[in-house]
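The values are calculated or read from the model by the stated rules, or taken from the named source; none is laboratory data. A quick note: this is a predicted structure, and the numbers were derived from the prediction, not measured. Positions of Cβ are generated from backbone atoms using ideal geometry, with glycine treated the same way; all protein chains shown enter the neighbour counts. SASA here: full protein model, heavy atoms, side chains in, ligands and nucleic acids out. Shrake-Rupley method; radii C 1.70, N 1.55, O 1.52, S 1.80 Å.
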Amino acid sequence: MTFDYGAFSFESKEDLLERSREFWNPGKTDFWVESGVPLVIDRREEYFIYDMSGKRLIDVHLNGGTYNLGHRNAEVVTAVTQAMAHFDIGNHHFPSLARTALAEALVRTAPPGLTKVVYGSGGGEAIDIAIKTARHSTQKRKIVSIVKAYHGHTGLAVGTGDDRFSKLFLADRPEEFPHVPFNDLAAMEEALHGRDVAAVIMETIPATYGFPLPDAGYLEGVKALCERYDALYIADEVQTGLMRTGELWAISKHGFSPDIMVTGKGISGGMYPISAVLVAEHAAGWLTEDGFGHISTFGGAELGCIAALKALEICNRPETRSMVHYISDLVGRGLREIQADHPDWFVGIRQDGVVMGLEFAHPQGAKFVMRHLFENGVWAIFSTLDPRVLQFKPGILLRPELCEELLDRTEVAIRKARAEARQGGRAGERVPA
Ligand SMILES: Cc1ncc(COP(=O)(O)O)c(C=O)c1O
């Protein structure tokens, strides 16, 4: 069977994988094939993705929340398609209709005090902008993040994360980017008390670390330390924003406004890349001193702004908020029932709204479950920085029948993964690194 897509064609899935290895990324292509998840996403709609083989999967990875509203959300598609009759990417040097409209909409729905918007084209770039903004504002260089943070792989963002990614490209700079353990206020104070820190950057719930929840009062304590030691607080809401915790921005549950807040992924509506940094007036000086300080041709592309305006509007609807509460109750309850049947294997559920991390009693447990989920028609990813934990991220508009189907399939996969883990994994098969 030939796969003909007009602009390109492949003879078979094998042909695609071979050419993917040859011309794109051999490491990634082999990793997924060897992991038992040889997924090549073809058709996609609602919360379904279809492998080239035709296999249908319910997507609870959502590319980190990019498909929060589903794949090819009809309202976002219509907004972008209609806009294409008038707009294109735009010219980043000039004031623009769509950029201004989105900036105003973001500020009006942001935690109080965030008054200016700077655009990027992806999350990493937005984190770089946040760091540059904090450095300009404080005239200090150090950025504190947590051990096992993930804020992206661009030039500055990569320094805030795990050594695995910074050392690969000789980009580790421990003097500039100290890391402290999560949920440890004493370690945070130790890092800040010299008053030489520009900002602390925190994911409101650290995604790639498997969504460990902040202890009660931890984030508030970090913010208080920032104030005491003249550092800014950067909230990375790339995965936790846009109603995933049942509030538009997860940080607003903690009763304070960050000095800088970053959004990405889902703000694109899954249709056109865009990211944004929201900045408090007291940190936004460079925008007046030299508005050209950060230049990005595609940052704030006008079609992206139109996708984002629609995504933000959908997230803000009262019925969307109710839906998130309904889904998180239903799925949370179902997961707890599954857990009750396998307490020695499925050892923890971390949950805030539809942000969920499922913990298993094996150092690579989430990889076993991921593979069985794939075989059973669900796509969810293990946590790179803690592979015991499966990231489980239902969409915020997931229909009740699909929630039930998801739970049924998840129960089967967890049961089979437990049996496999007890036998020490599949004979001859590599447990992926
Ligand atoms: C919390 C968080 N921040 C930042 C990023 C970087 O975003 P991007 O991959 O769009 O550069 C990610 C990506 O996974 C993320 O999870």
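Whose amide H sits under 5 Å from the amide H of SER35, counting only residues 5 or more places off or on another chain, with H placed in the peptide plane?
none
Using 0.36 nm times the number of residues separating ARG141 and GLU319, minus their current alpha carbon distance, what extension gain do you get?
Taking ARG141 through GLU319 to full extension adds about 59.7 nm, to one decimal.
Could you work out the local net charge near ALA235, counting Lys and Arg as +1, Asp and Glu as -1, over the other residues with Cβ closer than 13 Å to its Cβ?
-4
For the stretch 1-110, which whole percent of the accessible surface, found with a 1.4 angstrom probe, sits on carbon and sulfur atoms?
Looking at the stretch 1-110 in its full context, I get 55 percent from C and S.
Once the Cβ-Cβ distance between ASP88 and ARG422 is put in as r, and R0 is 41 Å, what FRET efficiency do you end up with, to the nearest 0.05?
Plugging the Cβ-Cβ distance into 1/(1 + (r/R0)^6) gives 0.15.
Tell me the label-point distance for the pair ARG72, LEU170, using the 7 Å Cα-to-Cβ offset, in nm and rounded to one decimal.
For the pair ARG72/LEU170, the computed spacing is 4.5 nm.
With unit charges on the beta carbon (Lys/Arg positive, Asp/Glu negative), name the residue among GLY293, SER166, ALA361 whose Cα is farthest towards the positive pole of the charge dipole of the chain.
Farthest towards the positive pole: ALA361.
With θ taken as phi - 60° and the coefficients 6.51, -1.76 and 1.60, list the Karplus ³J(HN,Hα) couplings across the stretch 9-20 in order, rounded to whole Hz; mark glycine and proline as x.
The phi angles translate into 8, 9, 6, 6, 5, 4, 4, 4, 5, 4, 6, 4 Hz.
Please give the charge dipole size of the chain, origin at the Cα centre, charges +1 on K and R Cβ atoms and -1 on D and E Cβ atoms. Round to the nearest 20 debye.
Dipole about the Cα centre, nearest 20: 220 debye.
Can you tell me which of SER268, SER53, SER328 moves the most in a GNM of the chain? Springs connect C-alpha atoms under 10 Å apart.
Of SER268, SER53, SER328, the Gaussian network model singles out SER53 as fluctuating most.
May I ask which residue of GLN351, PRO178, ALA149 lies farthest towards the positive end of the charge dipole of the chain, with charges of +1 (Lys, Arg) and -1 (Asp, Glu) on Cβ and the Cα centre as origin?
Highest projection toward the positive end goes to GLN351.
For a Förster distance of 35 Å, can you work out the FRET efficiency between the beta-carbons of GLU220 and GLU11, rounded to the nearest 0.05?
0.05
If amide H atoms are built 1.01 Å from N in the plane of the peptide, which residues on other chains or at least 5 residues away come under 5 Å of the amide H of VAL347?
When sequence neighbours closer than 5 places are left aside, the close amide H contacts are GLU359, PHE360, ALA361.
Roughly speaking, what % of Cα-Cα pairs in the stretch 242-297 are separated by over 17 Å, rounded to a whole number?
Roughly 53 percent, rounded to a whole number.
What residue among ILE129, ILE205, ALA413 has its Cα farthest toward the positive end of the dipole of the chain, where the charges are +1 on Lys, Arg and -1 on Asp, Glu, each on the Cβ?
Highest projection toward the positive end goes to ALA413.
For the stretch 52-193, what is the Kirkwood estimate of the hydrodynamic radius, computed as the reciprocal of the mean inverse distance between distinct Cα atoms, to one decimal in Å?
18.6 Å
Taking the Cα centre of the stretch 85-216 as origin, sum charge times position over the Cβ atoms of Lys and Arg (+1) and Asp and Glu (-1), and report the length of that vector in debye to the nearest 20.
That gives a dipole near 380 debye.
Grab the Cα-Cα distance for ASP329 and LEU185, subtract it from 0.36 nm times how many residues apart they are, and report the gain in nm with one decimal.
Difference between extended and current length: 48.7 nm.
Can you pull the percent of the stretch 245-336's accessible area that's carbon plus sulfur, 1.4 Å probe, other chains left in place?
56 percent
With Cβ to Cβ distances under 14 Å as the rule, what net charge do the other residues near ARG19 carry (K, R +1; D, E -1)?
Net local charge, ARG19 excluded: -3.
So if I take the alpha carbon set of the chain, get Rg, then get Rh from the Kirkwood formula, what is the Rg over Rh ratio?
0.96
Contour minus end-to-end for ASP344 and PHE3, with contour as 0.36 nm per residue of separation and end-to-end as the Cα-Cα distance?
118.3 nm
Taking the Cα centre of the stretch 1-154 as origin, work out the dipole magnitude from +1 charges on Lys and Arg Cβ and -1 charges on Asp and Glu Cβ, in debye rounded to 20.
1160 debye
Tell me, what are the semi-axes, in whole angstrom and largest first, of the equivalent ellipsoid of the stretch 1-116 as set by the roots of 5 times the Cα gyration tensor eigenvalues?
36, 18, 16
Relative contact order of the stretch 108-156: what whole-number percent is it, with Cα pairs under 8 angstrom and at least 6 residues apart?
Over the stretch 108-156, the number comes to 43 percent.
Restricting to DSSP H runs of at least four residues, report the calculated mean residue ellipticity at 222 nm for the chain, -39500 (n - 2.57) per run over all residues, nearest 500 deg cm²/dmol.
-11500 deg cm²/dmol
Work through the residues other than LYS116 whose Cβ is under 15 Å from its Cβ and net out their charges, Lys, Arg +1 and Asp, Glu -1.
Computed value for this residue: -2.
Plugging the Kirkwood radius over Cα pairs into Stokes-Einstein for the stretch 129-212, at a temperature of 4 °C and a viscosity of 1.567 mPa s, what D comes out in µm²/s?
Translational D for this selection: 100 µm²/s.
Rolling a 1.4 Å sphere over the protein heavy atoms, what is the accessible area per residue of the chain, to the nearest Å²?
For the chain, the solvent-accessible area averages 42 Å² per residue.
Can you list residues from other chains, or at least 5 along the same chain, whose modelled amide H is less than 5 Å from the amide H of TYR47?
Close amide H contacts, sequence-distant or interchain: HIS71.
In sequence order, what are the phi-derived ³J(HN,Hα) couplings for the stretch 374-386 according to the Karplus relation 6.51 cos²θ - 1.76 cosθ + 1.60 with θ = phi - 60°, rounded to whole Hz, with x for glycine and proline?
4, 5, 9, x, 9, 10, 9, 10, 6, 8, 3, 9, 7
Choose one answer from VAL33, VAL80, VAL118: the residue with the largest mean-square fluctuation in a GNM of the chain with alpha-carbon springs under 10 Å.
In this elastic network of the chain, the residue with the biggest mean-square fluctuation among VAL33, VAL80, VAL118 is VAL33.
Mind listing which chymotrypsin sites (Phe, Trp or Tyr not before Pro) in the stretch 8-92 are in a DSSP loop and have 14 or fewer other Cβ atoms within 10 Å?
PHE8
In a Gaussian network model over the chain where Cα atoms closer than 10 Å are linked, find which of ASP88, ASP290, ASP128 has the largest mean-square fluctuation.
ASP290
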